[in-house]
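Below: the structure, in structure tokens.
The values are calculated or read from the model by the stated rules, or taken from the named source; none is laboratory data. None of these values were measured; they are calculated from a predicted model. For neighbour counting, all protein chains shown are included, and Cβ atoms are generated from backbone atoms with ideal geometry for every residue, glycine included.
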Amino acid sequence: MKKAEVGNIIEFREGLKGIVEKVNENSVIVDVTYMENYRDLELEQKTVVNHKNYKIIG
């Protein structure tokens, strides 16, 4: 599996999307404010996603 790099757009957890801000050994830190409906979903601005739980879409 290819790991995301800083700046990649990833999709995770049933359709959530975000921009990778930092790559760690086992996970990435993602800025989810990329999504237009970010405020409606009441999410934190950033989240951590394990490398096994996302796919790179851009």
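Say we look at the range 1-22 and pick out the residues that are among the aliphatic types (A, V, I, L, M) and within 15 Å of residue 55 (Cβ to Cβ); which of these is surrounded by the fewest Cβ atoms within 10 Å (Cβ to Cβ)? Looking at the filtered set, the residue picked out is 1. When the residues of the range 31-47 are filtered to those that are under 15 Å from residue 8 (Cα atoms) and among the hydroxyl-bearing types (Ser, Thr, Tyr), which remaining residue is modelled with the lowest pLDDT? By that ranking, first place goes to 34. Each residue in the range 34-58 was checked for being touching a strand residue (DSSP E or B) at 6+ places or on another chain (Cβ under 8 Å), in contact (Cβ under 8 Å) with a residue 40 or more places away in the chain and of a type outside the set (Val, Ile, Thr), and 5 of them qualify. Residues in the range 14-55 that are among the aromatic types (Phe, Trp, Tyr) and within 10 Å of the chain's Cα centre (by Cα) were compared, and the one that is nearest to residue 1 (Cα to Cα) is 54.
For residue 31, are the conditions met, namely being among the charged types (D, E, K, R), surrounded by 10 or more Cβ atoms within 10 Å (Cβ to Cβ) and free of Cβ contacts under 8 Å to residues at least 24 places away in the same chain? Considered against the rule, which asks whether it is among the charged types (D, E, K, R), surrounded by 10 or more Cβ atoms within 10 Å (Cβ to Cβ) and free of Cβ contacts under 8 Å to residues at least 24 places away in the same chain, residue 31 comes out as yes.
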